[in-house]
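A.B. asks: Below are the structure tokens for one structure; questions will follow.
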Amino acid sequence: MNTTITIWNPELDLHNPDNLTPQQVGPAHRLLLKSELAAAKDKSLPCSMWDNDGHLGVGSWINGLLCQCVDFRTYRVDLTLPLIVAALAFPPLPPGEQWHNQVGEGYRLILKSEIVHRDELVQEIEMWDGGEWRSHFAGSSETRTYRVPLASWPMPKPKRLVPLEMADVPPGMYFVTHDPTTGWQMICEVSSDWFTVVYGIKPHRISWHAAAEHYKWTTTPQDESSWRPMTKEQP
């Protein structure tokens, strides 16, 4: 059965290093997901690749390729192509049983982001052990299954990150790529839509939207611990 997906569903893990818009992707295509990259390469999947000619946010599609699926390229495929990687699913249970019955009404499974080191055991954190739930655990092991009561552990609100704006990064700051070997450039001009940096002797404009995924900024580029994302939480 084919899977129908929406191109810009934020829950999907889109591989979009060029930060393309829906108009640039086109109504008859979808972007590959990050989880599909390796599988697409193994299957020699026909696709199109975005050629930005060294400038983020502009470029054109090169059609009729087989996906090489490198991290710094953006690929699109026909919208009718089903997801290459199957959705995650719980293991099958005996007839008549459902997974939520084992988790228990009023409980939820702990999230991966909530599995952290805790100095003390927590009464509300229960661990699945020997076919039953046992209380008083720290919830720190990635190899065990935990549940928590929804009444006192509601689902955390998702954080929505948005690109930085002109007021967030004034001129004189530095921007750096995720690859420390690429170096850094000083931001010499900013506007509401873009900022300018200098590669060699030639200035380049980069949109705030394009910078959000690919770059970081800092006042001291030599200190990697000072690098900050080009995004912020939406109020």
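The values are calculated or read from the model by the stated rules, or taken from the named source; none is laboratory data. The structure presented is a predicted model; accordingly, all values stated were derived computationally and were not measured. Glycine also receives a Cβ, built like all others from the backbone with ideal geometry; neighbour counts cover every protein chain displayed.
A.B. asks: Within the stretch 70-77, is there a residue that is of a type in the set (A, V, I, L, M, F, W, C), within 19 Å of ALA210 (Cα to Cα), modelled with pLDDT of 75 or more and surrounded by fewer than 17 Cβ atoms within 10 Å (Cβ to Cβ)?
C.D. replies: Checked the stretch 70-77: at least one residue is of a type in the set (A, V, I, L, M, F, W, C), within 19 Å of ALA210 (Cα to Cα), modelled with pLDDT of 75 or more and surrounded by fewer than 17 Cβ atoms within 10 Å (Cβ to Cβ).
A.B. asks: Suppose we keep only residues that are part of a helix (DSSP H, G or I) and modelled with pLDDT of 75 or more within the stretch 1-39. Which one would you say is surrounded by the fewest Cβ atoms within 10 Å (Cβ to Cβ)?
C.D. replies: GLN23
A.B. asks: Look at the stretch 134-156 and say how many of its residues are without any contact (Cβ under 8 Å) to a residue 12 or more places away in the chain and within 15 Å of ARG108 (Cα to Cα).
C.D. replies: Residues meeting the conditions: 2.
Yes/no matrix, rows are residues, columns are (1) surrounded by 15 or more Cβ atoms within 10 Å (Cβ to Cβ); (2) under 23 Å from LYS157 (Cβ atoms); (3) free of Cβ contacts under 8 Å to residues at least 12 places away in the same chain:
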site: LEU111; (1), (2), (3): no, yes, no
site: ILE115; (1), (2), (3): yes, yes, no
site: LEU121; (1), (2), (3): no, no, no
site: GLU124; (1), (2), (3): yes, yes, no
site: GLU132; (1), (2), (3): no, no, yes
